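Student: The structure's right below; bear with me while I get my questions together.
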Amino acid sequence: MSRTSSRDFANISARDMDEERLVTYPTDAFLSREYLEAEKKLLWPKVWQVVERETDLPNPGDWLTYNVADESIIVLRKQDGSLKAFHNVCPHRGRQLISTPDGVHSVRGSGRKKFVCGFHGWIYDEEGKNLRVLDPQDWQNKLTPEQTCLSEVRVDTWGGFIYINMDRDSVSLKEYLGRAGEILGHYDLDKMRYKWRQWAVYPCNWKTALEAFLEPYHVEGTHTQLLRYQDFYAYSKQYGMHGVSGFDTRDPEYQMKESGGVVRAGKGGDPRVSTYELVRENYETINFAGSTETLVKAASRLADELPAGTSPQEVVAHWLASAKKDDAARGVVWPEIPPEIMKESGLAWSLFPNQNILHGVTFALCYRVRPWGDDPDKCLFEAYALERYPDGDEPETEWVQAEPTAEKWGRVLAQDFGNMEFVQKGMKSSGFRGPLPNPHQEQKVINLHRNLAHFMGGRGAPKRLERG
Ligand code: FES
Ligand SMILES: [Fe+2]
């Protein structure tokens with residue numbers, strides 16, 4: 001983000017968002033090749049974006065590439081343990097230092113103290129400084145270190161994630177994440193480890209895919225099997241660049257102060273039973289993410305441990321206390337999260353532009369989406385589960401390319417995949433008058449477009465549908 005004030009946001013303000021005004025926005029951002037080209041200049045080189053987990057570069061000399069649109073960045077763990085990032089390009093004639101063929105997720109390696117360009121053999125140290133130009137006398141020895149060094153990229157970490165920003169004038173990562181970063185900071189995401197990580201090339205725009213995971217408003221129409229266990233009415237709220245959603249309820253009896261998130265009571269006459277059914281269903285059909293085995297097992301005992309007639313609030317309090325105890329016994333310590341933070345933290349966050357985090361105290365289900373090639377109808381979709389493990393007990397994982405099927409991703413994600421492609425197609429209809437996002441439940445979607453417009457010179461800005 002450049003150093004600009006909120007006044008620069010196009011057309012609608014944070015206040016309009018909070019007042020839940022009716023808006024629409026053009027479909028250009030999803031469909032237009034020209035918009036995709038503009039993103040390459042105006043968006044990706046200007047924003048903090050998540051690259052990987054810090055645990056992916058555990059040792060000095062470990063490196064990887066992060067590729068987005070036409071950009072490729074090398075992130076390196078230096079010998080002193082700190083991180084450094086460069087544009088993946090040799091300043092001589094522009095060869096990529098690390099070849100990233102089309103179709104690869106990323107390229108990784110270890111044991112690097114320097115980079116040697118494969119074209120004419122120029123060499124760079126871990127600071128990006130040029131160590132060797134072949135035949136410098138041919139330039140009359142006039143090449144300067146500034147001309148022959150690698151182009152540096154800003155790199156920082158938060159929550160165990162590595163972020164980069166190509167814009168040297170950008171605000172710090174801390175300032176960029178703002179209140180969203182502070183709230184999620186209580187969840188000690190840095191202590192979580194990968195449970196699984198998968199990617200797919202999917203036939204829709206990156207925003208179409210991202211938006212499929214920004215709101216639970218679609219549960220009623222898409223994940224109908226879940227309605228047996230709970231209602232999915234949710235609020236959605238802008239946090240400047242970012243946004244949060246959380247379960248809301250039309251029924252005050254089910255109002256939770258313990259959590260507005262995915263860890264909550266089931267509905268119906270006996271919350272001891274329905275809470276277990278809800279968490280088990282979530283766990284098993286979201287590819288063993290969105291909860292943990294500890295939470296499922298603790299929920300399975302609720303009917304034995306609590307008397308009939310226990311209130312939903314007491315059921316959840318008991319469930320969480322016993323899961324916390326079970327985890328402590330195996331060396332998994334829950335962070336202490338103040339109740340007001342728990343409440344504000346809701347169900348899931350969107351961090352601009354393309355990172356989603358559905359968090360729990362001991363797990364997180366995350367998504368990231370990037371453009372794929374120069375085709376606005378394609379994206380690189382990634383989802384991964386994080387969990388808190390006893391020290392040394394975390395599984396070994398790597399990025400696995402997986403067809404977007406229920407078998408590979410679980411029933412719930414397959415249902416989401418079942419929409420995305422057809423949203424992309426549907427938006428091209430000459431009969432589509434433009435999106436009508438729900439101002440209360442889909443505000444994160446509107447906020448995405450508000451923030452995109454800010455970077456895209458006002459293009460694609462949401463506009464009010466009503467006067468006054
Ligand atoms: S392009 Fe790298 S040394 Fe020539
Ligand atoms: Fe969904």
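Student: Evaluate the range 80-88: report whether one residue or more is more than 12 Å from ligand 1 (Cβ to nearest atom) and at pLDDT below 95.
Tutor: No, the range 80-88 contains no residue that is more than 12 Å from ligand 1 (Cβ to nearest atom) and at pLDDT below 95.
Student: If only one of A299, A303, A348, A329 is closer than 30 Å to H242 by Cβ, of a type in the set (A, V, I, L, M) and modelled with pLDDT of 95 or more, which one is it?
Tutor: Matching residue, one of A299, A303, A348, A329: A348.
Student: Okay, next question. For D62, are the conditions met, namely being under 30 Å from R33 (Cβ atoms), touching a helix residue (DSSP H, G or I) at 6+ places or on another chain (Cβ under 9 Å) and modelled with pLDDT of 95 or more?
Tutor: It is false that D62 is under 30 Å from R33 (Cβ atoms), touching a helix residue (DSSP H, G or I) at 6+ places or on another chain (Cβ under 9 Å) and modelled with pLDDT of 95 or more.
Student: Here's another thing I want to ask about it. Could you check, for the range 237-248, whether at least one of its residues is within 16 Å of ligand 2 (Cβ to nearest atom), at pLDDT 90 or above, part of a strand (DSSP E or B) and under 16 Å from the mean Cα position of the chain (by Cα)?
Tutor: Yes: the range 237-248 contains one or more residues that are within 16 Å of ligand 2 (Cβ to nearest atom), at pLDDT 90 or above, part of a strand (DSSP E or B) and under 16 Å from the mean Cα position of the chain (by Cα).
Student: Kindly check whether there is at least one residue in the range 142-159 that is modelled with pLDDT of 95 or more, closer than 30 Å to E340 by Cα, of a type in the set (A, V, I, L, M, F, W, C) and away from ligand 1 (no atom under 16 Å from the Cβ).
Tutor: Within the range 142-159 (the criterion being modelled with pLDDT of 95 or more, closer than 30 Å to E340 by Cα, of a type in the set (A, V, I, L, M, F, W, C) and away from ligand 1 (no atom under 16 Å from the Cβ)), the answer is yes, since at least one residue qualifies.
Student: Look at G266 and say whether it is under 21 Å from R388 (Cα atoms) and not hydroxyl-bearing (S, T, Y).
Tutor: The answer is no for G266.
Student: Which condition from (1) in contact (Cβ under 8 Å) with a residue 60 or more places away in the chain; (2) surrounded by fewer than 17 Cβ atoms within 10 Å (Cβ to Cβ) is the one that V333 breaks?
Tutor: Against the list (1) in contact (Cβ under 8 Å) with a residue 60 or more places away in the chain; (2) surrounded by fewer than 17 Cβ atoms within 10 Å (Cβ to Cβ), V333 comes up short only on (1).
Student: Here's a follow-up. Can you pull out every residue in the range 129-177 that is among the aliphatic types (A, V, I, L, M), within 29 Å of the chain's Cα centre (by Cα) and either assigned by TED's automatic domain parsing to the domain that holds S82 or under 26 Å from P58 (Cα atoms) (or both)?
Tutor: Selection gives L150, V153, V155, I162, I164, M166, L173, L177.
Student: Please count how many residues of the range 203-232 are aromatic (F, W, Y) and within 14 Å of ligand 2 (Cβ to nearest atom).
Tutor: Selection size over the range 203-232: 3.
Okay, residues lined up against (1) in contact with a helix residue (DSSP H, G or I) (Cβ under 7 Å, 6 or more places away or on another chain); (2) part of a loop (DSSP other than H, G, I, E, B); (3) under 26 Å from V47 (Cβ atoms); (4) among the aliphatic types (A, V, I, L, M):
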site	(1), (2), (3), (4)
I183	yes, no, yes, yes
D190	no, no, yes, no
A200	no, no, yes, yes
C204	yes, yes, yes, no
K207	yes, no, yes, no
Q225	no, no, no, no
Q230	yes, yes, no, no
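Student: Within the range 417-459, how many residues are surrounded by fewer than 20 Cβ atoms within 10 Å (Cβ to Cβ) and in a helix (DSSP H, G or I)?
Tutor: Residues that pass the stated criteria total 7.
Student: For the range 343-392, which positions are among the charged types (D, E, K, R) and not in a strand (DSSP E or B)?
Tutor: Listed by number, the residues that qualify are K343, E344, D374, R388, D391.
Student: With respect to K41, determine if the residue is more than 16 Å from ligand 2 (Cβ to nearest atom), among the basic types (K, R) and closer than 20 Å to D374 by Cα.
Tutor: For K41, the condition - more than 16 Å from ligand 2 (Cβ to nearest atom), among the basic types (K, R) and closer than 20 Å to D374 by Cα - is met.
Student: In the range 375-403, what count of residues is obtained for those that are surrounded by 16 or more Cβ atoms within 10 Å (Cβ to Cβ) and either at pLDDT below 95 or of a type in the set (G, A, S) (or both)?
Tutor: Going through the range 375-403 one residue at a time, the tally reaches 3.
Student: May I pose another question? What number goes with the only condition from (1) within 16 Å of ligand 1 (Cβ to nearest atom); (2) assigned to a loop (DSSP other than H, G, I, E, B) that L131 does not pass?
Tutor: (2)
Student: Take the residues of the range 106-128 that are under 26 Å from D70 (Cβ atoms) and away from ligand 1 (no atom under 16 Å from the Cβ): which is nearest to the chain's Cα centre (by Cα)?
Tutor: My answer is S106.
Student: Could you say which residue among L413, L358 is within 16 Å of ligand 2 (Cβ to nearest atom), within 17 Å of G246 (Cα to Cα) and surrounded by 13 or more Cβ atoms within 10 Å (Cβ to Cβ)?
Tutor: The unique qualifying residue is L358.
Student: If you don't mind, there's one more thing I want to ask. Would a scan of the range 384-396 turn up a residue that is away from ligand 2 (no atom under 16 Å from the Cβ) and farther than 25 Å from H186 by Cα?
Tutor: Yes.
Student: Based on this model, can you work out whether P136 counts as modelled with pLDDT under 95 and at negative phi?
Tutor: Judged against the criteria, P136 is not a match.
Student: Okay, next question. Out of the residues in the range 85-113 that are surrounded by 13 or more Cβ atoms within 10 Å (Cβ to Cβ) and more than 30 Å from Q401 (Cα to Cα), which is farthest from ligand 2 (Cβ to nearest atom)?
Tutor: Checking each candidate, the answer is H92.
Student: Taking the criterion of being free of Cβ contacts under 8 Å to residues at least 60 places away in the same chain, away from ligand 2 (no atom under 16 Å from the Cβ), within 25 Å of E396 (Cα to Cα) and not charged (D, E, K, R), would at least one residue in the range 144-158 satisfy it?
Tutor: Taking every residue of the range 144-158 in turn, at least one turns out to be free of Cβ contacts under 8 Å to residues at least 60 places away in the same chain, away from ligand 2 (no atom under 16 Å from the Cβ), within 25 Å of E396 (Cα to Cα) and not charged (D, E, K, R).
Student: Further question on the same structure: Could you grab the pairs with beta carbons closer than 8 Å, sequence gap of 6+ or different chains, first residue in the range 451-462 and in contact (Cβ under 8 Å) with a residue 12 or more places away in the chain, second one among the polar types (S, T, N, Q) and not in a loop (DSSP other than H, G, I, E, B)?
Tutor: Matching pairs, first to second residue: P462/T24.
The values are calculated or read from the model by the stated rules, or taken from the named source; none is laboratory data. These figures come from a predicted structure and were not determined experimentally. All Cβ positions, even for glycine, are placed from backbone atoms using ideal geometry, and neighbour counts span all protein chains on display.
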